[in-house]
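First the structure, in the form of structure tokens, and then the observations on it.
The values are calculated or read from the model by the stated rules, or taken from the named source; none is laboratory data. Quantities reported herein were computed from a predicted structural model and do not represent experimental measurements. With ideal geometry, Cβ positions are generated from the backbone for all residues, glycine too; neighbour counts draw on all protein chains shown. Side chains are part of the model used for accessible areas, which takes the heavy atoms of the whole protein and leaves out ligands, DNA and RNA. Shrake-Rupley method; radii C 1.70, N 1.55, O 1.52, S 1.80 Å.
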Amino acid sequence: MDSVLRLASQKAVVIFSKNSCCMSHAIKRLFYELGVSPMICELDEQPNGREMERALMRLGCTPPVPVVFIGGKLVGSAKNILTFHIDGSLKIMLKDAGALWL
């Protein structure tokens with residue numbers, strides 16, 4: 001749990017992802033297209049990836065990837081991110097966290 005929270009606070013936007021997950025790919029692409037450069041933590045490339053995945057699940061993230069933290073705060077899964085993007089609040093969160101300067 002500590003490693004997840006420590007990583008989540010290292011950059012304005014942190015995405016926990018897996019290379020094999022199509023939704024992870026879609027969420028990463030959304031952030032890149034918005035002009036945001038997130039820190040990506042590929043759980044399937046981490047030696048303690050399974051432990052980190054279990055920690056994300058303990059935080060209430062189901063499925064455990066993709067999971068996005070903005071400004072060190074858990075925003076949630078792909079469903080949450082897409083909802084915030086559609087209603088316009090994602091850009092506000094990104095501006096407040098210093099990840100977007102529009």
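Figures for the structure shown
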{"quantity": "Pair list, Cβ < 8 Å and 6+ apart or interchain, from the range 77-102 residues that are within 29 Å of Glu53 (Cβ to Cβ) to residues that are open to solvent by 100 Å² or more (accessible area, probe 1.4 Å) and β-branched (Val, Ile, Thr)", "calculated": "Ser77/Thr62"}
{"quantity": "Whichever residue in the range 1-50 is of a type in the set (D, E, K, R), touching a residue at least 24 places away in the same chain (Cβ under 8 Å) and over 23 Å from Asp96 (Cβ atoms) and, among such residues, is least open to solvent (accessible area, probe 1.4 Å)", "calculated": "Glu42"}
{"quantity": "Residues being surrounded by 15 or more Cβ atoms within 10 Å (Cβ to Cβ) and either within 17 Å of Lys11 (Cα to Cα) or modelled with pLDDT under 95 (or both) - total across the range 78-102", "calculated": "7"}
{"quantity": "Condition check for Glu33: charged (D, E, K, R), touching a Lys or Arg at 6+ places or on another chain (Cβ under 7 Å) and modelled with pLDDT of 95 or more", "calculated": "no"}
{"quantity": "Selection count, the range 43-63, where residues are within 14 Å of Ser3 (Cβ to Cβ) and not in a helix (DSSP H, G or I)", "calculated": "4"}
{"quantity": "Some residue of the range 74-96 being within 19 Å of Cys21 (Cβ to Cβ), assigned to a strand (DSSP E or B) and in contact with a helix residue (DSSP H, G or I) (Cβ under 7 Å, 6 or more places away or on another chain)", "calculated": "yes"}
